[in-house]
Every structure is written in structure tokens, then in C-alpha cells.
Amino acid sequence: MEKRWLIVKSDEQIYRVKGLSCANCAGKFERNVKALQGVTDAKVNFGAGKISVYGETTVEALEQAGAFEHLKIIPEHQVKTAVGENEVGKPPYYKEYSSLLYATVFLLIGIISSFINGELNPVTILLFATSITVSGYDLLKIGCKNLLKFDFDMKTLMTVAVIGGAIIGEWLEVAVVVILFALSEELERFSIDQARQSIRSLMEIAPNEALIRRDGQEIILAVTEIEIGDIMIVKPGEKIAMDGIVSAGHSSVNQAAITGESVSVEKRQKDTVFAGTLNEEGTLEIQVTKLVNDTTIAKIIHLVEEAQAEQAPAQAFVDRFAQYYTPIIMGIALLVAIIPPLILDLSWKTWVYQGLAVLVVGCPCALVVSTPISIVSAIGNAAKKGVLIKGGIYLEKIGTLKAIAFDKTGTLTEGIPIVTDYQVFNKEKDQTDWLKIIAALERRSQHPLASAIIKKAEMLDYHSIIVEDFASITGKGVTGRIDSTNYYVGSPALFTNQLDQLIIEQIESYQKEGKTVMLFGKEKEILALIAVADKIRESSKTVIKQLHEVGIKELVMLTGDNQLTAMAIAEQTGITNVQAELMPDDKLAVIKEIRDYYGEVAMVGDGVNDAPALAAATVGIAMGSAGTDTAIETADVALMGDDLAKLPFIVKLSRQTLSIIKTNISFSILIKLVALLLVVPGWLTLWIAIVSDMGATLIVSLNSMRLIGVKE
């Protein structure tokens, strides 16, 4: 074998691990790697099939640490291109499963020999022993090592059962048990690979090369060679390889890979596009804005894989349970084997056989895979539909939610406000001149409503107006000095002392229509009134209704807007609990109150302005996160598109995941209890034991994989 001396630097190095099929094996591999000389720390991500290594070692040393499971280690940079990975060559099935096939042939010949020569004939025994050795060599080798170290895992149980069965002469049953156990492990490996495929499909979304115009020439480059500022040319029907901004062209782009929405989005100059999305119509010239490892789809894949490493509460419970379960099973098996012969003077051979059967039926395979396959399948399914769930713990918590709080602007509404009404009270200047001053102030503001004023004044020359001493008044508005006069733009709360009855009535009239009112004025005079409206999302009312129907007890709207406007919006969406005129710290306080009352609460916001409330909630859900790095990285759940309709889907997915996990755990334990009860009348056989264990593993795996197909 050729040695590969790839030295790992002291910082984190990531490797793909091929052949990692069970959570117990992952734990053992992690411990072995940590024990390697030069390694300071290591962490296995079982769901993604990866290991992060800190320190210095070699690929050969890592493979030696995983030799017990024939793990193949591949450095991440060798398989990673763009947001995907090159498919490592896979051997043909007849080669990959040659040991299993040869063992089955020897078993069948042994059965024929038993009919001709008898079960105790040396030729028959030799054939069965050969079958056991061929299919169970690795099992017995690892099991014996574990036994010497008092390391009790599934392979230790099976090894004791095999050796014991051979000693009492049950060669046929032992050979069948070993083959079925090997088959069970292959089925387990297949199941977890299928679950991981949901992530691999994301990796294959973006192309590995693109047509780039550089120095006046058009050349095809690998995405790893593309630099920020390069001009990428994407023809109709081609996928976009990198994140960027359209510099020329006009087309429709299908962004389903990022947002989960198949409806195409129109793209023109200055619009943002994402790697992995499909250009459907015209040719686009795109200025690259991110390197390949920083693209939105690359971040999604990275975060999904990291999410799979985060243990769900159910998985943590199973792992703790399995630590004590295996030694207890060995103890029960020993008692079954020795107590009846010693106390009741029954047959040693019969009860030793029963004890060995207890060892086989006690293998916790089904229990161990009951949770991780469910979590991997669900998180992968959600990612393909444009929902990024940051870990199994959040996936489970969503299913237990009792209350959900919504930010108003950009969540229940589209977040694109427009000016509907503009009244001027002071005639010193005409409407246009006053509007230019208002726009000059608001263009420095970060408030969403400022965009409505800027849009209304886009044809006016307000950029030339010099604003001095500009300041933002938190939760109320902005102020600045123009031509030695201090001006203010903001909510009515900023002008409390200047409001007369007529203006108050006008404000209330607009607010009852669901409009937000802003006032413009000096320190002692109101100069103008601006009413702004934000359109309700088409999906908001339906989503609120669906959430009520699935049993979410409390739906709350949080907004800094005034009470009348908030009530008008709430009435249109179907929300009855409205908390208005809130400062950011007020939103945080409301979330804490809801959490204290209901126990579990989600906050749905934009991921930036609502950061404190999102952090305080049981689950923080960020809307429209595509391209927004802060939202993707800070929220517990990110809805990649501006689509509130994904919310009922993730509640449904979470509840189905919880249900399947509970069913899997209950079924795994129940089937073993039933099999163990067969010991009492002496009916438990090695056949029944291995079939029940293999059957339970297969059923649990298939049940978990149903989550891949959960639809919206």
C-alpha cells in the first residue's frame, strides 16, 4: 500500500470519512484519533461523514485509527470543488460485497454437506467455519480486542455469541448469524448514505467552472480560480456558478436551490444573483462578489453539515442509554446461561445457547440509528426546500412550540413601504422643496420606512443638500441641521408638544387605514405629514390560519409602529394579540414574558434588527436570509426566501421527526423485550435473535428515511 504522508497543520483540518456507518463506530473513531500522537483534539460529524482534526498527523495514521471499520480518509481539499465534491471512485458491487457473497456460497455448500455427511462431519464444520471466518473476520478481530480491553459494544456481544455458539457446536446457526449481521451492517450503511445524499444533492447544485471575461478575453475557469471582481458570462439555460451582481443583461432566474421557491425572479442590472441558481432566458454578465467558499450555497452546505453534528436531545438520551445498556445485556446473558443449570439443574448446553441468543438480540443497532438518520433526513429535506435548520435541538424544539411572535415589517408585510399621502402645513416652501429636505435627512437613516421617502424623491436633486450634526433618535426618528435650522423627521411621538387636535385626528384617520404616519418639522413647528403603507404579504393570513389549526396557542405581532396601525395590520392577518410601539428592548421583554408563560416560543424576524428578541426566543427564525450573512449565521432557523408559508412546513416536519424518533425508540426497545421474554419458555434461538435485531434496524432506518419525502 502506498503511504500518503499528508501533514496536518496545527489549525483545524477537515476530512471526509468513507464507510462511517454507525454512531458507536463514530465515537470509537473519534477516541482513536484523539489518542494519536500529535493530535490535540478531534471531532467526528457522523451525520455529514466528516472529521475535524486539530494538531499534526497523517492520512495513514487516521486510516489506521479507523482500521476497525476499514474507514477511508480523504482530505476535504482533495474532494471539494466549488460547493460540491468530486465523486470518489466506487468499486463494483460484486467486489464491494465479495466477502458476503463468498461467505454465503460456503454456507450453502455447508448446508448441502450437512444433508449428505451430517452436521458434525469435519467437512461440514470446516465449510461453516470458513463461512464464519470470511464474513466475520473483521467482526471477530475487533470483538476479541474489545473483549481484552473490556470495551463492550455491539461487536463484542456478537463475538462472544459466535465463539460460544461454536464451542457448543451450533455451527450452522452461528454461520447464518454472522452473515445476517454483516448484511445488517450493510443495510445500516446504506440507510445513512441515503440520508447523507440529501446533502450531496445540495453540493452538486453549482457548476464547477464558469465562463469568465478577464483582460478582454473569455476563458473557462474552475470556480476555485475565479476572483472577486471577475465578470462571469452566463448564457440561457446555464447555472450560475458564483454569487455576484448583474452588471449587464436582463433575465429570469430560478432561485429554487437557495430559497426553495420554483417561481422565477426577474434579474436586471444591480440585482444580486446566487451560485447554484438557473438562468432561464437572457444572457447575463455578472460581477463576482464572493469567493467560492463564501457563496451563499457554500455557507448553507457548511451550516447544514454542522447542524447534523449538533445532537438532538433524543439522540443525546440514546447515546447515554447505550453506554449502560450493552454491559447490562452482557450481565443478563450471563445470568441466563448459568442460573438455570446451577439452581434448577437444567441442561447447560440449552441455557448457554439461550444466553448466547440474549447477547445477539441485545445488540443495540436499531436503538443507535433510531435518531441520527431521522435528524439527517429531516435537516437535508428542509435545506432543499429553502429552510436552514441549524441543529437537531432546534428541529425538535420547533415541534414543541406553543407560541410564535412575528415582527411586522418585512415579516407579516412585504417590507417595501410606499408613500401614500403627503401633506404640507407650512407654505414657506413648496411641496417639492420640503420633500428634498426630508429626503436629505432620511437618506442617512437605516429605518425601513426611509426607503419609501427616498423612492418618492428619487427624481429630485436632494443629494446636494448638506446635512450637519445628523443623529438618529432611537425608536423615534432622525434629526439634522440644514442652513442653520434643526429639522426632525419621525413618528408622532417625536413631536408630542406640537400636536394640535386637527393633526391628531388626521394621524388617527390614516392609522386606522393601516398606514404609518411620519411628521416633519422644526423644534416648535410641524411642517408636513407623510403617510406610508406597507403591503400585507399574500401568504400571511393563510399562514396564521394554518398555525392556529396545527395547535399553536398564541400568535403575537411585535412592532415599533403605533397601536392603531398595528391593529389594522393584525386584523387583516388574523392575529389578535398585538404589542405595538415597542423599542428593541421592549420586544426582548415581551419575548421573555411569553416564554415564561408558554415555555416554548419562536420569534420570526429579519435576523438583524430583531437580534435581541431572536436570541431570547426558544427558536429564532430569520426571514429572507438569502444573501444576508448575518441572518444565516445568527438565526437558529433561516427561511432563505421571503416566504412565510415555509413556517407551517417546518412545524409539520419537526412534529413528524419527533413522532418518528419516539416511534423508533419505542419499537427498538419493545422488540428486544418481546424477544427476551422468549427466554422464559426457552424459545429464543439465534435465528430469532438475529432476525429480530436486523429487522428492527431495517424498519427503524426505513421509517427515519420517510422524512426525506415530507412535502410542504
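Things to note:
- Cα-based equivalent ellipsoid, segment 374-511: semi-axes from gyration tensor eigenvalues, Å: 42, 19, 14
- Charge-dipole axis of the chain as Lys and Arg at +1 and Asp and Glu at -1 on Cβ define it, positive-most pick from PHE495, LEU108, ASN32: LEU108
- Under DSSP loop assignment and at most 14 Cβ neighbours within 10 Å, longest chymotrypsin sites (Phe, Trp or Tyr not before Pro)-free interval of the chain: 151-682
- Above-threshold pairs, the threshold being 31 Å between Cα atoms, out of LYS50/LYS545; LYS427/LYS541; LYS408/LYS553; LYS456/LYS553; LYS456/LYS545: LYS50/LYS545; LYS427/LYS541; LYS456/LYS553; LYS456/LYS545
- Within the chain: Cβ-based charge dipole about Cα centre, in debye rounded to nearest 20 (Lys, Arg +1; Asp, Glu -1): 1700 debye
- Angle of helix 563-573 to the longest C-alpha principal axis of the chain, folded into 0 to 90 degrees and rounded to 10: 50°.
- Here Cα Rg over 2.2 N^0.38 Å was calculated from the structure, and among (i) 1.22; (ii) 1.08; (iii) 1.03 it sits at label (i).
- Coupling constants for segment 232-238 follow from the phi torsions by the Karplus curve (6.51 cos²θ - 1.76 cosθ + 1.60, θ = phi - 60°), and in residue order they are 9, 9, 10, 8, x, x, 9 Hz; glycine and proline get x.
- Residue order by solvent-accessible surface for VAL674, VAL419 is VAL674, VAL419, largest first, with ligands and nucleic acids left out and a 1.4 Å probe.
- Pairs from LYS512/LYS646; LYS28/LYS662; LYS522/LYS587; LYS390/LYS476; LYS290/LYS646; LYS270/LYS535 whose Cα-Cα separation, in the structure shown, is over 32 Å: LYS390/LYS476
- Calculated FRET value between VAL123 and TYR324, using beta carbons and R₀ = 41 Å, to 0.05: 0.40
- Residues in the chain average 45 Å² of solvent-accessible surface per residue, probe 1.4 Å, ligands and nucleic acids excluded.
- Taking amide H as placed 1.01 Å from N in the peptide plane, ASP561 has its amide H under 5 Å from the amide H of GLU581, LEU582, each at least 5 places away in sequence or on another chain.
- To put it simply, the accessible area of the chain at a 1.4 Å probe is 56 percent carbon and sulfur.
- Here the Karplus relation 6.51 cos²θ - 1.76 cosθ + 1.60, evaluated at θ = phi - 60°, turns the backbone of segment 25-41 into coupling constants of 4, 4, x, 5, 4, 4, 5, 5, 5, 4, 7, 5, 5, x, 8, 8, 6 Hz, with x for every Gly and Pro.
- Relative contact order %, segment 92-188, counting alpha carbon pairs below 8 Å whose residues are six or more apart: 29 percent
- Placing R0 at 35 angstrom, the Cβ-Cβ distance between ASP585 and PHE470 gives a FRET efficiency of 0.90 after rounding to 0.05.
- Of the residues ASP41, ASP469, ASP345, ranked by 1.4 Å probe accessible area with the largest first, the sequence reads ASP345, ASP469, ASP41.
- Applying both filters, DSSP loop and at most 13 other Cβ atoms within 10 Å, to the GluC sites (Glu not before Pro) of segment 393-451 gives GLU428.
- Relative contact order (%) - the chain, alpha-carbon pairs under 8 angstrom, separation at least six: 13 percent
The values are calculated or read from the model by the stated rules, or taken from the named source; none is laboratory data. All values reported here derive from a predicted model rather than from experimental measurement. Methodologically, a virtual Cβ is constructed for each residue, glycine included, from the backbone with ideal geometry; neighbour enumeration extends over all protein chains shown. Surface accessibility is based on the protein's heavy atoms, side chains included, excluding ligands, DNA and RNA. Shrake-Rupley method; radii C 1.70, N 1.55, O 1.52, S 1.80 Å.
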